[in-house]
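Just below is one structure, and these are the notes that go with it.
Taken together, the values in this text are just the output of simple stated rules run on the coordinates, not laboratory data. Not measured: the values here are computed from a predicted model. Glycine gets a Cβ as well: all are built from the backbone with ideal geometry, and neighbour counts include every protein chain shown.
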Amino acid sequence: MSPAKSKQRLTNQEVAKILEDFLEGKGDDWVWDDFTLGTSFGDHRLETIRIRCAGLSQEYPPKNPGEYTNDEGQQVIRNYIKELRSGN
């Protein structure tokens, strides 16, 4: 997420890209924190995704040190990416 672009203006495609980059280990370290913490989204659906993603490490604890979540949690993120890319 660009520091100049607030959560209020992010599109579904931009949020999908944030999630994708997180899964693939790409992007700036702060992007995930910016996405999951702080200011809420104005869009209810994106806010629901943000809150769910922020809690995935508790809902699906990682199996290995240095991971955010386990395979099931990663699948939740993949499902959100698919949903956001399809426009649903």
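Hey, what D do you get for the chain in µm²/s if you plug the Kirkwood alpha-carbon radius into Stokes-Einstein at 10 °C and 1.306 mPa s? The diffusion coefficient I find is 121 µm²/s. Counting only alpha carbon atoms, the long axis of helix 44-54 and the longest principal axis of the chain meet at about 30°. Straight-line reach from Lys82: taking Cα to Cα under 13 Å and skipping same-chain neighbours fewer than 8 places apart, the aspartates and glutamates in range are Glu14, Glu20.
Counting every other Cβ atom within 10 Å of each residue's Cβ, Ser57, Ser40, Ser86 order from fewest to most as Ser86, Ser40, Ser57.
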